[in-house]
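Below you'll find the structure, written out as structure tokens, and then a few comments.
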Amino acid sequence: MIRNAKNVYVLSTPRTTYMFRVLSTGHLEHLYYGAALYGGSIVMDEELLEDAEALGEKKVFPSGNMISYDAEHLELTLEDMRLEMSSAGKGDIREPFIEIIHADGGRTSDFLFEKAEILDGKEGFKTLPGSYFNSGEEGDREHLAVTLKDRNYGLTLELHYYVFEDSDVITRSSRLINTGDEKIRLERLMSSQLDFSESGFVFTDFTGAWAREMERHDTEVKTGKIVNSSFTGSSSNRCNPFVMISETETTETAGNCYGLNLIYSGNHYEALEVSPMGKTRFVSGINPRGFSFLLAPGEDFENPEAVMTFSGNGFREMSLNMHKFVREHIVRGSWKHRERPVLLNSWEAAYFRFDESRLLKLARAAKDAGIELFVMDDGWFGKRDSDDCSLGDWTVNRKKLPGGLKGLADKIHRTGMDFGIWVEPEMVNTDSNLYREHPDWTMEIPGRPHSEGRNQRVLDMANPEVVDHMTDAMRSVFSSADIDYVKWDMNRIFSDVYSQYLPPGRQGETAHRYILGVYRMMKTLTEEFPDILFEGCAAGGNRFDLGILCYFPQIWASDDTDPAERARIQEGYSYGYPMSVLTSHVSASPNHQTLRETPLDTRFNIAAFGLLGYELNLNDLGKKELEEIRKQIEAYKIWREVLQFGDFHRGRNGNIHEWTCAAPDREKAVGMILQELASPNSPYEEFHAAGLDERKRYHLYSTEVERDIREFGDLVNTVSPVHVKPGSVIHSMLARFVTMPGEQEDVKASGAVLMRAGVKLLPAYAGTGYNEQIRYFADFCSRMYFIEEASEEKGEKE
């Protein structure tokens, strides 16, 4: 709900309140964003005005050597005010919201209030993706449009606020219109600004690199400034645009915190700055580094939408707000609420070395295991036998696929599985027909040596002709066969950023125009092929953001499939993104990225908390492993709805990772516990569930597991009548017929007990004995627990 009480604006969700007011000078003073102040009570305008006065700054004289705004308002020093937006030149020397170079060379802007309107619904952006209201939500006056005018240059700045009550989220965006008479150069335009009266907040960002995305880092900011930004041409695996601001003692379930994100896939910028007066400012938007945009009279520039949520009950509630917002107001299309298929991807099974015969053999094994979607990854087009050629030449390699895509797709469909392919339409190899025909279509500086990445170059998506050509090329590929799934990759970051399409004076527009071109291509193709399940990928998580999720309902989270690493990576994503948009695969052991050996059940247990897939050569596995995979997939299909669309709750993290995914109706849940490294003589462990109904009673159980005797090494000789050499042929033969029993949990308890006290698990092996009551819990072992409401009406597991 949005209210206006004589230029005091109150934006309300069930659990939050956001307030600002218009000062007599026309500046917008930020008053409050936090826990709900009014709840469902009716508040009179006079009371809102009184509250605004109580929350507003009291200024009498200017402070020290600060700049006074003007002669009539000497007490107004913008450097020490909480503002909804700020600009350079009038005394506010903190992070600005907007920076403009005017035709006269001046850099001062002075945007003041002109009007505000409370509107129904939400229109789409002209060039950018954005959030949306679902049918039935519009008409509730959830859009506040504030218009500001620069009193010196005649420019217009619009600030837009949208309220999503169902998820306790508020979004912001801005739009600059050149309503003046001369060209201007826009150097910075942020999407959001949030000013606080105090300092000492903890700024949390999620940084990393290829194969180790989303590493959480907390920094207490008492002075100075901390910046989280990308200059890679993408939202990047170096620093995701999702960040958090919290009080120092905030935990998963207690304390004040803010979750902040940006619906944008390009260079982004988030900064938290503490002023000399102890106030804190947060800004987010397009990275101003390297950015410059010319606007002629009558032209406008729209900025990405920023997303904000507040929780007074810790990180978990904040995450659940974000999860619901992403599921309901970002993801769209026919796959929004559809269960996603279990897939097998050919990459780590075959890499570039395959033909139709090998793929079909792999597909038959996949079908036998219960897999529903077979995906042919890189290597099917041009002369693509390595990564240094043929990108850009999207014609089928008939030597590998004699019947083309249609021939292979038809054969896969006859097995009963769906069929998918891999593409990378934004890139080109210099060894390709496309590059030889159009060397001016790449992002490189003409006549200068180019710094290569991944043996490929970036196509200039700032050039509309390139976008149209690649859209046509993909349209031809997608319509050439019955294709059910597309993995859209983007494997390198930018270098030598230069558009051969744009003139020298507009090169600062290249990176942003590139993303706009990509969005246009994605929008066109997803609308023309609405039933294809598109998955975003960018060397793993190099472009995992809300902008991509507006077109593709899921994203490959990381090229790292090691379950220990994936546990950390997926926990990182879970702070701002739901598990229903994150894909995760079971791969081979030793792992191809870390060479770490991990149990097959652990690989599954981690991957199952994302959108499950497999990426290994099933034809190389033994009967026991294949049977284990069949059972995994059977269980996953039973619990798929809970795992994909349930509410994800983090428990402990560190050496022990503890997760619960609970159905929204709280009747079912799936829990998981992972141990990274075992500790000697530490048999005790417990599992704390989350997301249940405290008053209900539940049945918690695990499946029966038999352990391979080879996992116990030469301890087998403590019970064997003859000596068995570990790793010997006899050892392997014995393992075919003899297994060790594993523990099986089976308890009934109330939701309160499961969540507050936790289940005391059967003891782990501690070196003094082993039987069916002992939990085998070595390095990187894990357990999955199934939780169902225990009542006769709901039925119980026999």
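The values are calculated or read from the model by the stated rules, or taken from the named source; none is laboratory data. Just so it is clear, the structure is predicted and the values come from calculations on it, not from any experiment. Cβ sites come from the backbone with ideal geometry, for glycine too, and all protein chains shown count toward neighbours. The area values use the complete protein model at the heavy-atom level, side chains included, leaving out ligands, DNA and RNA. Shrake-Rupley method; radii C 1.70, N 1.55, O 1.52, S 1.80 Å.
Tabulated data
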| quantity | calculated |
| --- | --- |
| Reachable lysines, given that their alpha-carbon falls under 26 Å from the alpha-carbon of K725 and they are not under 8 places away in the same chain | K623, K624 |
| Relative contact order for the range 743-794, counting Cα pairs under 8 Å that sit 6 or more residues apart, in percent | 35 percent |
| In nm, spacing of pseudo-spin labels at A209 and R454 (7 Å Cα→C-beta vector) | 1.7 nm |
| At R0 = 56 Å, FRET efficiency that the Cβ-Cβ distance of L595 and D181 yields, to 0.05 | 0.30 |
| Label-point separation, E465 to R353 (7 Å along Cα→Cβ), nm | 4.2 nm |
| Under 5 Å, built H, 5+ apart or other chain: amide partners of F777 | Y765 |
| Average Cα contact separation per residue, the range 337-445, under 8 Å, 6 or more apart, as relative contact order % | 27 percent |
| Carbon and sulfur %, accessible surface of the chain computed with the full protein complex present, 1.4 Å | 49 percent |
| Candidate residues K523, K126: accessible-area rank, largest first, probe 1.4 Å | K126, K523 |
| Too-long pairs where the Cα-Cα distance tops 25 Å, listed order kept, from K126/K225; K523/K637; K324/K668 | K126/K225; K523/K637 |
| Other-chain or far-sequence residues with amide H under 5 Å of S750's (modelled H) | Y698 |
| Cα gyration tensor category, rounded, prolate or oblate, for the range 629-706 with a/c compared to 1.5 | oblate |
| Cβ-derived FRET efficiency at R0 30 Å, E299 paired with S24, nearest 0.05 | 0.40 |
| Prolate/oblate/rounded label for the range 243-353 (Cα gyration tensor, a/c 1.5) | oblate |
| Accessible heavy-atom area order of E437, E114, highest first, probe of 1.4 Å | E437, E114 |
| Extreme residue, positive dipole direction of the chain, given options F419, F113, A567 (C-beta unit charges) | F419 |
| Accessible area (Å², 1.4 Å probe, nearest 10) - T219 | 50 Å² |
| Label-point separation in nm, R216 to T718, each point 7 Å along Cα→Cβ | 3.8 nm |
| Global form of the range 206-254, assessed from the alpha-carbon gyration tensor, a/c cut-off 1.5 | oblate |
| Separation between Cα centres of the range 133-179 and the range 554-590, rounded to whole Å | 35 Å |
| Straight-distance crosslink candidates among lysines, where the alpha carbon sits under 18 Å from K399 and sequence neighbours closer than 8 are dropped | K361, K383, K411 |
| Test item: Cα-centred dipole of the chain, Lys/Arg +1 and Asp/Glu -1 on Cβ, debye | 1720 debye |
| The range 384-453-the range 654-672 distance, computed between alpha-carbon centres (Å) | 41 Å |
| Sites A752 and L360 - FRET efficiency at Förster radius 45 Å, r taken between beta-carbons, to 0.05 | 0.25 |
| Electrostatic dipole magnitude of the range 25-104 [Cβ: Lys, Arg +1; Asp, Glu -1; Cα centre; debye, to 20] | 260 debye |
| Positive-end residue, the range 349-441 charge dipole about Cα centroid, Cβ charges, pick of L360, N397, N433 | L360 |
| Label-zone membership for the range 22-47, site M277, 7 angstrom Cα→C-beta point, backbone N under 19 Å | 22-33 |
| Area of V719 that stays accessible when all protein chains are in place (1.4 Å probe, Å², to 10) | 120 Å² |
| Accessible heavy-atom area order of E527, E628, highest first, probe of 1.4 Å | E527, E628 |
| Residue among H329, S12, F494 farthest towards the positive dipole end of the chain, charges placed on Cβ | F494 |
| 1.4 Å probe accessible area per residue over the chain, in Å² | 39 Å² |
| Cβ-placed point charges (K, R +1; D, E -1), dipole of the range 549-597 about Cα centre in debye, nearest 20 | 100 debye |
| Other-chain or far-sequence residues with amide H under 5 Å of E686's (modelled H) | L761 |
